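Down below is the structure, laid out as C-alpha cells.
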C-alpha cells in the first residue's frame, strides 16, 4: 500500500504549483498565503496530517481576523475512521449497492492512544481528502479520457508510483458521493480543510459545481460565511 499522506502532498503540491483546478480546462489566480499553500508545505515537510490541517486552518483564521471578521470557534470532536477504502483499483462500486458510511461517532468516543492506530487514522483521512478532490473535479458532470491523461501527466512530475496512479484512475472512474466523503467527519478543522481542498480542485463556473459545493458544505456543517471566505482565499 502506498503512503496516502505523501500522495495527498503530491496532489496538493501540483495544484499549488500550477494554480489550476484538476479539470485543467480552467485557471484561477494564484494566492501566495492561502490555506492550501500552508497545508501543502507542512504536509510535505513530514510533520503529519493533523498538524498540517491545524496550521492550515490557523492560516485561515489569521487572515479572517485581519479582515476584521470573527474567526470561527475551534472544535475538537473526534473523527470516526472512514469507510474501508477499496483497494481493487479497478472494481468500481455497484450502483445498486453503494458503500455504507460508518455510524457517526459519539461525543464519548475514546481517544486513540496507540501511535499505529493514529497513523492508520491519518492514512485513511488522507485517502478521504484525495477522494474529495477527485469527486469535486467531477462536479460538473464527468471527466473525459483526455482530461484524465492531463491530470496524470502533471502528477507524473510529482513522481507518483504505478500503484498511486492505479488508485487515482480507479477513483476517477468511481468518484465517491458526498455522503460517503463526509461520513464520520465531526472536527470542524477537518471539515474546513475538506471544503478548501474541494474548492481548490475546481473553478466554480457551472450550476452543477455550485450545487455540489453547496451540498458538500452543508453536509460538513461549514457555515455559509466560512465557505465564501474559503472560496475567496482559494
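Using a/c under 1.5 as the rounded threshold, could you call the stretch 159-234 rounded, prolate or oblate? The axes a ≥ b ≥ c are square roots of the C-alpha gyration tensor eigenvalues, and prolate needs a/b larger than b/c, oblate otherwise. Taking the square roots of the gyration eigenvalues as a ≥ b ≥ c, the stretch 159-234 is prolate. On the beta carbon distance between residue 211 and residue 2, with R0 = 35 Å, the FRET formula returns roughly 0.60.
Shape class for the stretch 120-202: prolate, because the ratio a/c of the largest to smallest gyration tensor axis (alpha-carbon atoms, square roots of eigenvalues) is 1.5 or more and a/b beats b/c.
Bear in mind these aren't lab numbers, they're just calculated from the coordinates by the rules spelled out. In this text, all values refer to a predicted model and were calculated from it rather than measured experimentally. So basically every Cβ, Gly included, is an ideal-geometry build from the backbone, and we count neighbours across all protein chains shown.
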